[in-house]
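So the structure is just underneath, and the comments pick up after that.
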Amino acid sequence: MNVQSLNVTKADALRMLKEYREHRGQYDKMDLEIERICRQISRGKTVISVISAIQQAGLDDHKRPNLAIGRADAQRITCNFQTGKVEFYDGWHQRGKITVPWPGVEMRYKNAEAIVPRIPPQHRPTNSMLQKYWVLWEADWTDVPRDPYLLRRIGKDAWVVVAAWELTDLEVSVLRAHRQTI
């Protein structure tokens, strides 16, 4: 999966971080968010916009988004299609809902479901922290996805890429075998 990061260099992020810190007395919530983003970029982290990534990835032949997102502690996500927006969430309580504006596109499907990719142990946060993380992947609405990103949200639509990996054939096989119970 190829997702574009926010277009800020490490040097620019360091400069902005210094400038923002000098004016902390006049901060509002957006200034704090900009500082968090600049801090992560200055540390060499990749920060992305999930909304832009999903929109830029476009729709498949069945007019479903090519990318999906779900909480890392979810096993499945539902994608609800409505004219002008797409919503991703876990369960009928709509836990962890992410809304992606999609102006000018009339959706043909009301709902689609996908399995959230399994996070390998070397990338997996502890169970007590898992609900603070998200998984972004190339959506395969009928099979097990293969190439996810583990993300941590640091702003309204600013996400740090914590890890990226590709599921092995073995992992995909196990997920396929268990997908009826997931």
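Observations on the model:
- Single condition residue 103 does not satisfy, out of (1) in contact with a Lys or Arg (Cβ under 6 Å, 6 or more places away or on another chain); (2) modelled with pLDDT under 90: (1)
- Candidates 73, 61, 90 - the one that is among the acidic types (Asp, Glu), surrounded by fewer than 17 Cβ atoms within 10 Å (Cβ to Cβ) and out of contact with any His (no Cβ under 9 Å at 6 or more places or on another chain): 61
- Boolean, residue 26 is surrounded by fewer than 18 Cβ atoms within 10 Å (Cβ to Cβ) and more than 20 Å from residue 162 (Cβ to Cβ): yes
- Filter pass, residue 74 being under 19 Å from the mean Cα position of the chain (by Cα), on the phi < 0 side of the Ramachandran plot, among the hydrophobic types (A, V, I, L, M, F, W, C) and in a loop (DSSP other than H, G, I, E, B): yes
- Residue match in the range 9-22 (condition: among the β-branched types (Val, Ile, Thr), loosely packed, with under 15 Cβ neighbours inside 10 Å, modelled with pLDDT of 90 or more and more than 30 Å from residue 91 (Cα to Cα)): yes
- Taking residues in the range 136-149 that are in contact (Cβ under 8 Å) with a residue 40 or more places away in the chain, and partners anywhere that are of a type in the set (Lys, Arg), the pairs with Cβ atoms closer than 6 Å and at least 6 places apart or on different chains are 141/64.
- For the range 36-57, the condition holds for no residue, the condition being that it is at positive phi and either of a type in the set (Ser, Thr, Tyr) or over 20 Å from the mean Cα position of the chain (by Cα) (or both).
- For the range 151-174, the count of residues that are among the hydroxyl-bearing types (Ser, Thr, Tyr) and within 15 Å of residue 72 (Cβ to Cβ) is zero.
The values are calculated or read from the model by the stated rules, or taken from the named source; none is laboratory data. Worth saying up front: this structure is predicted, and the values here are computed from it rather than measured. All Cβ positions, glycine included, derive from the backbone under ideal geometry; neighbour counts span all protein chains shown.
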